[in-house]
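To start, the structure itself, in C-alpha cells.
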2 protein chains.
Amino acid sequence: MTSIDMITAARTRLNGRARRTPLLSSPFLDELAGRRLFVKAECLQHSGSFKFRGGWSALSGLEPAVRKRGVIAFSSGNHAQGVALAAKLHGVPSVIVMPSDAPKLKIDNTRAFGAEVVLYNRATEDRDAIGAKLAEARGLTLIRPFDEPLVIAGQGTVGLEIAEQALEEGIAAADVLVPCGGGGLSSGVALALEAKAPGFRVRSCEPERFDDTARSLASGTFERNATLSGSICDAIITPEPGKLTFPVLKRLAGPGLVVTDDEALHAMALAFKRLKIVIEPGGAVALAAALFHGRDIEGDQVIAVASGGNVDTEVFETALSRFGES
Amino acid sequence: MTSIDMITAARTRLNGRARRTPLLSSPFLDELAGRRLFVKAECLQHSGSFKFRGGWSALSGLEPAVRKRGVIAFSSGNHAQGVALAAKLHGVPSVIVMPSDAPKLKIDNTRAFGAEVVLYNRATEDRDAIGAKLAEARGLTLIRPFDEPLVIAGQGTVGLEIAEQALEEGIAAADVLVPCGGGGLSSGVALALEAKAPGFRVRSCEPERFDDTARSLASGTFERNATLSGSICDAIITPEPGKLTFPVLKRLAGPGLVVTDDEALHAMALAFKRLKIVIEPGGAVALAAALFHGRDIEGDQVIAVASGGNVDTEVFETALSRFGES
C-alpha cells in the first residue's frame, strides 16, 4: 500500500512536470462560508485535473521495458486525460476505455492527447472486463484509476502541497474537503497530511445519491451506490469505495459530506465570479460543502480541493444561468 | 520615474500580500498559436486583476500619517478594486470615482471592499477634475491608475515573476504580450524585464478603435482615441498613453498589437476550455493577439499576460455561446 515515502518519491518524479497549483481565496467566499476558505485549484493542473499527477506517477514508476509496450486505463474522462497525456509525454501508446456518455470534451481531449479511445456502455458493460481483455491481448499495463499504490502516491502530492501552502498562509489546523469517487485523491491527501500536517483532517465530499463513501464511513464497511447514472458529477461516480483507498479513509478521514447537484452548480458559479477559475460539477462538490454545509465542518479554516475543470460549455452555462447573479 | 530598485522594493512590500500567479499553458493553445504559449494568469490575483499590486504598492509606500487620511482613485473598475482592497487591508478609508457604465460586478465589488463609490458620466464629465476636487476637500491622497511611479513599480512585479517563471520553464527569449490601457502594467513589466530578462520584449495589446498606444508607438508621439465608449474591453480604454508610461514603452516595447472584440471573446472561450481560467475582455487581448496575430510575433515562444477576470456573467456567456465549441 501507498506510504508517505512513495508519495515523496512520486513528488520527485513529478517535479518540473506537474504544476504546483495555487491556493486561492476570496473575502466574499469567506463570508459565505462563515470561516476562512482556501481553494486548492487542481483544475489548473495539466490535463485540467489532478489526475495527471497519478498518471505521471504510475507511468514514471514502471520499468522502461514494460512502459514501452504501452498502458491502458478505464475512466469517465479525467483519469483518461491524465494517463493519455502522461503516456504522450513518455512517448508510449495508450488505450483508454471510456463510457459512451462521458462529456464530449473529455473524450475529444483524450483522443487529442494521442490515446486510442474505446467506448463502452456504462449501464450494460463491465469496464474492468473490457480493460483486462485488451491489456492481455496487447501486452499493455493497466493503470487503475484509484486502487493502485503509485496512482494514490501521485494524487498524494496534492496533500504535500496543501501542507506547505497552509504553512505559508499560517493555517495550523483545518478540515480538508476533497471530492471523492474511488478515493484515490482523498486517501492520498490523507496519507500526506498524516505525515506532514497532522492538524489537518480529510473529509470526503460526494453528490447526493452517489454517496457510497459517506455511507461506508458511517457504517464502517463497503456500501454501494444504487445506480451509476443520472448525476452531473460524472468525474466522481463509482460503484463503491476502493479496496485500497477505503481502509485509509476509514482510519484517517472525518465523516463524509454530501451535497446536491444544485449546490455543486452554485459553487461553480461562485468560483467563476470570485476565484476566476473553471470547475466541473464533480470538482466543485468540496467547495459546495464548504459553502453550504458549514455546520458540518469544524474549525475556523477550511481547505477545499477543486479537483478538475473539464466541463462542457452547456453545463457551465447552466451553472451561470441558474446561479450567476447570486 | 520608476526604477528597477523601486520595483524590487515594491516586491518586498507585496511579499505575502500579492499572489505569485501561475504561468499556465496547454498543448492545444500551443498548436493554435503556432509556438509555445504561456499565460501569466493575473486574473487569479487578489481583487481579480493585477491592479492589486499597484494599489498595495502605492498605499504601502505612503507615509503612515498621510495614508491614515485615506486615498482616492478613479477607475473603470480594476484599479478601483485593487485600491479599495489595499485600503481595506491597511485599515484606511477609500473613495473611488467610477464611470456609471462600468460593469456592475466591478462597482459592487469596489463597494464590498469598503470603498465609497462616486459615479460619473464617462462621456460628459472629467474624472480627473472630480478626483482632484474630492481629494482636496477631504485630504485624501490621489492614487493615479498608471501615471504614478509607485503604481508602475507594483505592476512591474508581474515582470519580475515572469522573468523567474520563464527561467523555470527554460525560456530564454520571448515576446511578452501585455494588455495596455494607460500603460502602467506594460511599462512596469518592460522595466522589470529590461533588468532581469533582457532577451524578452514587451508588446502592448489593445482592442481595435482604442489603439492609442499602438499608433503612438508607430508615430513616436502621443496619439489619442477618437472615442472612449463602445468597447467591451472596458478595463483598458484610456484617452491616450500615460505621460510617464509612454516614454518607457517607446524605449523598450516592440510594435503594438491590435485585436478585434470578437478575437478577445474567442480568447476568453479558449481560456475557459483549455486553461480553466476566467478572463475579462480587456484582460484577454494579449492572449487573443498570441492566438490570432501570430504572424506579427517573433520567436518560438510567447508569453501573454491575462491581466484580469472581472467580467459580468452575461458577457462571459456571450463569449461561450459564440466561441464555446471552437
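The values are calculated or read from the model by the stated rules, or taken from the named source; none is laboratory data. Since this is a predicted model, take the numbers as computed values, not measurements. Here the Cβ is made from the backbone with ideal geometry for all residues, glycine too, and neighbour counts use every protein chain on show.
When you go through (1) in contact with a Pro (Cβ under 6 Å, 6 or more places away or on another chain); (2) aliphatic (A, V, I, L, M); (3) away from chain A (no Cβ under 12 Å) one by one for B:A41, which number turns out not to apply? All conditions are met except number (3). Remark: B:V66 matches the filter, which requires a residue to be among the aliphatic types (A, V, I, L, M) and over 30 Å from B:R295 (Cβ atoms).
Sort out which residues of the stretch B:14-24 are more than 8 Å from chain A (Cβ to nearest Cβ) and crowded, with 19+ Cβ neighbours inside 10 Å, and write them in order of number. Result: B:L14, B:A18, B:L23.
Evaluation of A:G34 against the conditions (1) at negative phi; (2) more than 11 Å from chain B (Cβ to nearest Cβ) shows that the sole unmet condition is (1).
None of B:A286, B:A304, B:A319 is of a type in the set (A, V, I, L, M, F, W, C), in contact (Cβ under 8 Å) with a residue 40 or more places away in the chain, in contact with a Cys (Cβ under 6 Å, 6 or more places away or on another chain) and not in a loop (DSSP other than H, G, I, E, B) except B:A286. Residues considered: B:G61, B:G70, B:G55. Of these, the only one that is buried (at least 24 other Cβ atoms within 10 Å of the Cβ), in contact (Cβ under 8 Å) with a residue 40 or more places away in the chain and not aromatic (F, W, Y) is B:G55. Among the residues examined, B:G254 qualifies as surrounded by fewer than 24 Cβ atoms within 10 Å (Cβ to Cβ), of a type outside the set (A, V, I, L, M, F, W, C) and either outside the structural domain of B:K106 (by TED's automatic domain parsing) or in a helix (DSSP H, G or I) (or both).
Within the set A:A286, A:A306, A:A267, the sole residue that is surrounded by 24 or more Cβ atoms within 10 Å (Cβ to Cβ), of a type in the set (A, V, I, L, M, F, W, C), within 13 Å of chain B (Cβ to nearest Cβ) and under 19 Å from the mean Cα position of the chain (by Cα) turns out to be A:A306. If you take the residues of the stretch B:132-159 that are hydrophobic (A, V, I, L, M, F, W, C) and surrounded by fewer than 24 Cβ atoms within 10 Å (Cβ to Cβ), which of them is farthest from B:T12 (Cα to Cα)? Top of the filtered list is B:A137. Which residues, counting only those in the stretch B:309-326, are surrounded by fewer than 24 Cβ atoms within 10 Å (Cβ to Cβ) and of a type in the set (A, V, I, L, M, F, W, C)? B:V315, B:L320, B:F323 - these are the residues of the stretch B:309-326 that are surrounded by fewer than 24 Cβ atoms within 10 Å (Cβ to Cβ) and of a type in the set (A, V, I, L, M, F, W, C). Selection over the stretch A:198-215 of residues that are without any contact (Cβ under 8 Å) to a residue 40 or more places away in the chain and either charged (D, E, K, R) or surrounded by fewer than 22 Cβ atoms within 10 Å (Cβ to Cβ) (or both) gives a count of 4.
Scoring B:K273 on the criteria (1) away from chain A (no Cβ under 14 Å); (2) outside any strand (DSSP E or B) leaves a single failure, condition (1). Could you say whether any residue in the stretch A:74-89 is of a type outside the set (S, T, Y), within 14 Å of another protein chain (Cβ to nearest Cβ) and surrounded by fewer than 24 Cβ atoms within 10 Å (Cβ to Cβ)? There is at least one residue in the stretch A:74-89 that is of a type outside the set (S, T, Y), within 14 Å of another protein chain (Cβ to nearest Cβ) and surrounded by fewer than 24 Cβ atoms within 10 Å (Cβ to Cβ).
For the stretch B:205-264, a residue qualifies if it is of a type in the set (S, T, Y) and within 13 Å of B:G181 (Cα to Cα), and the qualifying residues are B:T213, B:S216, B:S231, B:T238, B:T245.
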